[in-house]
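Colleague: Okay, handing you the structure first.
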Amino acid sequence: MLRLVTYNVRRCLGTDGQLSPARIARILAACRPDVVALQELDVGRLRTGGVDQAHAIAAHLGMTAHFHAALRVLEEEYGDAILSALPSRLVRAEALPGPAGREPRGALWAAVTLGEDEVQIVNTHLGLGRRERLAQAEALLGPRWLGDPACTGPVALVGDLNAVPGSRVYRRFAARLTDAHRAAPSRTRCTFPSRLPLLRLDHVFVGGGFEVVRAETYRGPGARLASDHLPLVADLRVAARSAASRGALAEAAR
């Protein structure tokens with residue numbers, strides 16, 4: 001079983017105006033994750049005290065961090081990360097297409113070892129414009145990302161997609177992958193804004209051998225204050241067919 005959390009942390013600035021990577025880490029620790037996908041992290045930025053938020057949160061959780069800077073100005077960086085308590089390796093981290101003058105967007109892909117399986121996790125934060133998001137979604141579905149032959153077996157595409165269910169971008173992903181919230185036997189809940197959640201902008205899409213056991217937002221103590229989004233927690237299991245295929249390959253190798 002893999003517990004995966006995706007969380008837009010808004011540079012660790014809470015809705016109460018408090019800046020606290022430690023509070024974000026406490027929220028995440030309460031979720032008991034194996035892998036965490038984070039969006040809107042500051043690394044070495046003056047506005048947040050020069051802290052490397054990705055590695056500070058990872059250190060609190062006893063995890064390793066893979067970070068991608070979607071935006072870089074001199075030594076200041078802003079972007080997304082995948083943290084893992086399991087063995088992991090960074091496969092790809094790069095920019096996504098977007099119009100000039102808008103905030104740059106990116107994605108990163110990590111391969112995580114789960115027992116005898118290697119699972120693929122892609123984390124992203126899409127733009128605010130509809131055309132921009134659609135171009136970014138097409139890139140993620142293309143040969144550099146989900147269409148890459150190396151992106152096989154159990155795969156999860158997660159993050160703040162800035163797209164609600166039913167939107168064009170959502171439908172593009174749903175045509176190829178399974179929305180964990182709709183597959184799980186738990187009630188669908190919104191993630192934004194955290195104080196009074198009305199929209200489901202944060203998503204976990206799975207395919208290639210993952211079964212969804214549970215998917216829900218975390219609303220424990222402090223979650224409504226720590227960021228303007230709520231964390232989305234998904235419990236994923238490698239499908240029996242993947243395990244059977246693994247056994248057949250092992251038998252063939254003897």
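Please treat every number below as a calculation from the coordinates, not as lab data. Computed from a predicted structure; not experimentally measured. No Cβ is skipped: glycine too gets one built from the backbone with ideal geometry, and neighbour counts run over all protein chains shown.
Colleague: For the chain, what's the relative contact order in percent, using C-alpha pairs closer than 8 Å and at least 6 residues apart?
Modeller: Taking the mean separation of contacting Cα pairs over the length of the chain, I get 20 percent.
Colleague: Can you list residues whose amide H is under 5 Å from Arg45's amide H, if they're 5+ apart or on another chain and H is modeled 1.01 Å from N?
Modeller: Correct list: Gly50, Val51, Glu77.
Colleague: If we count every other residue with Cβ under 14 angstrom of Glu75's Cβ, Lys/Arg +1 and Asp/Glu -1, where does the sum land?
Modeller: Counting the neighbours of Glu75, the net charge comes to -1.
Colleague: Right, next: Quick check: the distance between the Cα centres of segment 166-235 and segment 61-79, to the nearest angstrom?
Modeller: Value for the Cα centre distance between the two parts: 24 Å.
Colleague: Which of these, Gly106, Gly159, Gly44, has the largest mean-square fluctuation under a Gaussian network model of the chain (Cα springs below 10 Å)?
Modeller: Gly44
Colleague: As I understand it, the dipole of segment 2-253 uses +1 on the Cβ of Lys and Arg and -1 on the Cβ of Asp and Glu, about the Cα centre. Which of Pro87, Val213, Val35 lies farthest toward its positive end?
Modeller: Farthest towards the positive pole: Val213.
Colleague: Nearest 20 debye, what's the magnitude of the dipole of segment 97-176 about its Cα centre given +1 on Lys and Arg Cβ and -1 on Asp and Glu Cβ?
Modeller: I would put it at about 600 debye.
Colleague: Residue by residue through segment 11-20, which ³J(HN,Hα) values in whole Hz follow from phi under the Karplus form 6.51 cos²θ - 1.76 cosθ + 1.60 (θ = phi - 60°), with glycine and proline marked x?
Modeller: 6, 6, 9, x, 5, 8, x, 8, 9, 7
Colleague: Next question, about the same structure. Taking the number of other C-beta atoms within 10 Å as the exposure measure, put Val51, Val119 in order starting with the fewest.
Modeller: Val51, Val119
Colleague: Which cross-chain or sequence-distant (5 or more) residues have an amide H under 5 Å from the amide H of Arg72, H modelled 1.01 Å from N in plane?
Modeller: none
Colleague: Sticking with this one: Quick one: dipole size for the chain, taken about the Cα centre, charges +1 on Lys/Arg Cβ and -1 on Asp/Glu Cβ, in debye to the nearest 20.
Modeller: Charge dipole, the chain, about its Cα centre: 760 debye, nearest 20.
Colleague: On to the next question. Karplus couplings for segment 208-225 from phi (6.51 cos²θ - 1.76 cosθ + 1.60, θ = phi - 60°), rounded to Hz, Gly and Pro as x?
Modeller: Taking θ as phi minus 60°, the curve returns x, x, 8, 10, 8, 8, 7, 8, 7, 6, 8, 10, x, x, x, 5, 6, 9 Hz for segment 208-225.
Colleague: Further question: From the residues Ala163, Asn123, Leu140, which one has its Cα farthest along the dipole of the chain in the positive direction, the dipole being from +1 and -1 charges on Cβ of Lys/Arg and Asp/Glu about the Cα centre?
Modeller: Checked the options; the winner is Ala163.
Colleague: A follow-up question, please. Tell me, how many Å apart are the Cα centres for segment 86-114 and for segment 132-164?
Modeller: Cα centroid of segment 86-114 versus Cα centroid of segment 132-164: 10 Å apart.
Colleague: Right, next: Could you list which residues have their amide H under 5 Å from that of Leu201, counting only those 5 or more apart in sequence or on another chain, with H placed in the peptide plane?
Modeller: Counting only residues 5 or more places away or on other chains, the set is Thr191, Phe192.
Colleague: Let me ask something additional. Using the Cβ atoms and a cut-off under 13 Å, what net charge is assigned to the surroundings of Arg23, where Lys and Arg are +1 and Asp and Glu are -1?
Modeller: +3
Colleague: In whole Hz and in residue order, list the ³J(HN,Hα) couplings for segment 116-122 that follow from phi through the Karplus curve 6.51 cos²θ - 1.76 cosθ + 1.60, θ = phi - 60°; x for Gly and Pro.
Modeller: These are the phi-based 3J(HN,Hα) values: 8, 9, 10, 10, 10, 10, 10 Hz.
Colleague: A follow-up question, please. For the chain, what does the helix formula give at 222 nm: sum of -39500 (n - 2.57) over DSSP H segments with n ≥ 4, over the residue count, nearest 500 deg cm²/dmol?
Modeller: Calculated from helices alone, the mean residue ellipticity at 222 nm is -7000 deg cm²/dmol.
Colleague: Arrange Cys190, Cys12 by Cβ neighbour counts within 10 Å, fewest through most, would you?
Modeller: Cys190, Cys12
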